[in-house]
Amino acid sequence: MESSSSAVLKVVSEPKEVSPLVLKENSKDFDHFSVCSGSTFDNDNNSLVLSPSIESFWSIHDIENLSELNMDENSDLCVKIDNPEKNLETMETYITFRVTTRVARIEFPNHEYVVRRRYNDFLWLRQKLMECHQFCIVPPLPGKHSLIGQLDRYSKDFILARMKSLNIFIARICQHPILSCNENFKIFLTASPPDFATYKKKRSSITSSNGNLATISQGNSSHSFLKNRHIEFDKMKLYLLILTDKLTAIERISSRINKEHTDLISELNIYYPIFTKWANLEPQLCTMLENIGNAHERSMAAQSALVHCYNGVMGVPIREFLQYIEVVQETLKKRESYQYTYESSLDELNKRHNEKDKLLAMSQDGPAQNSSSFTIWKQTSNDDKLEKLGACIPQLLKKVEMSQDSLEMANECLRSDLNGWQPEKKQCIKKILLDFVNKQINYYEASVNAWEHVTNEMVVDQGSARKQNSANAK
């Protein structure tokens, strides 16, 4: 089993993408294995090159079991992302991933699809889901590489970490009852690269022509002045703030501890050779000194493994889950923006009704109080105002009804999503903590075993020394 970067990343220069479904229909020799393993054209001879299969790729020891990604093989929609490829083109270089879909839904004409997508395609998908389903909690994507890490974005560790995060992102969408049925998601999973590129351009032009209606409703940011507070959503907001503080503190302190472990390893690299060199000068203590040096070395190796796995076990998972919490908080704020719009339009409607009532009262009292020309002029002005209000109030009433419907829809959708998010939150945090605990146990077990070996050797040496002394005495 290979574990080098060459086993993970294949380089393709100017690939000619072909839809797997087209190949399956037109070629008699194109079997199930070639669909599952993914295929690209060799640029040298235009021959079909089979990439590593799903099974062989996931057998690499760097990838943890797929069960942690909450992928249910028995689900009616199962999507896996694997087999990264480095694509070299004239103007840019980028990584694509194979997206394999197994589906048993009536809206999908086939049961299996294999396409290749790059990170920007996932960004497009998330943006479309947010536009189409403003009240749903759309899971976050892993962040783009930083400028400092840009030189290392083709490294094995970076690609595997990103691929794992993309699998989690897709798995969450597949499990969502609304997002998984989105038409854009279906196109993302099934369209060939040329068709997908055309679809993206078409949808972008439609979006730009229609404008972004969501920003209009979210423009009002005075959510602190909401008249009717929803206790359940306010409790969730407070809980998320507390949870964010706790996770942030854990990540910050554990990161500092990991840094201290790194510094300790640097010291141990200088420390343990002292015993080995000293052993050469002390024949009577040679065995004990060598064992102590070896124990320090083995303990240091265990500590190095603990330090190396920190980002994958604790650092990155917590930071990514904090991003997930931010998405939930943003969705709650979006719901508040709809409530603010509803309450503002309702206040405006009530204000216009009060104005109308006052004008009607003045109209009835005016002629009886005074029949001067001034009163006649005022009565005419009131009639004009009443006419304008008569045209304005129905429009405001329609706006209130629409904003009320939107708010009720937001409440129901968000309430449903929060109910589904709670068990997922519990499972994710539990997994992060259990992985952290297991790595700590492995480290301390390795350290204890290293030092127990020293004590066992010391007991053996003491026993040998007693026997030697007894023999000498006799």
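The values are calculated or read from the model by the stated rules, or taken from the named source; none is laboratory data. Source: prediction; values computed, not measured. Every residue, glycine among them, receives a Cβ derived from its backbone with ideal geometry; neighbour counts consider all protein chains shown. To get the accessible areas, we keep the full protein, side chains included, count just its heavy atoms, and leave off ligands, DNA and RNA. Shrake-Rupley method; radii C 1.70, N 1.55, O 1.52, S 1.80 Å.
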Next on the checklist: What FRET efficiency comes out for L386 versus F225 if R0 is 35 angstrom and r is the Cβ-Cβ distance? Round to the nearest 0.05.
Outcome noted: 0.70
Checklist entry - Top to bottom by accessible area (1.4 Å), largest first, where do Y444, Y310, Y272 land? => result Y444, Y272, Y310
Next on the checklist: Set the bar at 21 Å for Cα to Cα. Now go through K356/K398; K164/K430; K144/K334; K227/K334 and name every pair that lies beyond it.
Outcome noted: K144/K334
Checklist entry - At a probe size of 1.4 Å, how large is the accessible area of E355, to the nearest 10 Å²? => result 60
Item to check | Net length gained if the chain between Y239 and A305 were fully extended (0.36 nm per residue, minus Cα distance) | outcome: 20.3 nm
Next on the checklist: Sort 447-458, 334-345 by the packing proxy (mean of other Cβ within 10 Å over each peptide's residues), most packed first.
Outcome noted: 334-345, 447-458
